[in-house]
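Since every read-out is calculated from the coordinates, none of them should be taken as a lab result. Just so you know, these numbers come straight off a predicted model, no measurement behind them. Positions of Cβ are backbone-derived with ideal geometry, glycine not excepted, and every protein chain shown enters the neighbour counts.
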Amino acid sequence: MTKIIRLLFLLCLFLIIFASCGDDSDDPTTDWAGSCTCESNTYNCDDFPIWADAQACFKNCSYDVHDLDHDDDGIPCEDLR
Ligand SMILES: [Ca+2]
Ligand SMILES: [Ca+2]
């Protein structure tokens, strides 16, 4: 009986480890300045994990194509700061 419980415990442990390793979507080193498109209004502030990424994308485009700076003070996504 204890063997089964130990096996279940190990199985749960593996599942937790795999579940946390599989999530790379929040990589803070994402190069937004290089990958952010300026063709059309594609992003909102919610799409950037950190403010620096929003700033990088904002600066990358010659004008505020994504409408990230709603109050036109030159600073995008104040809520992320
Ligand atoms: Ca937008
Ligand atoms: Ca602003």
Testing the spin-label approximation: label points 7 Å from Cα along Cα→Cβ at L7 and D46. State their distance in nm. 4.5 nm
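In what sequence, highest mean first, do 66-77, 34-45 appear when ranked by Cβ atoms within 10 angstrom? Let's see the in-between values first.
Working: 66-77: 14.7, 34-45: 12.8.
The densest-packed peptide leads the list: 66-77, 34-45.
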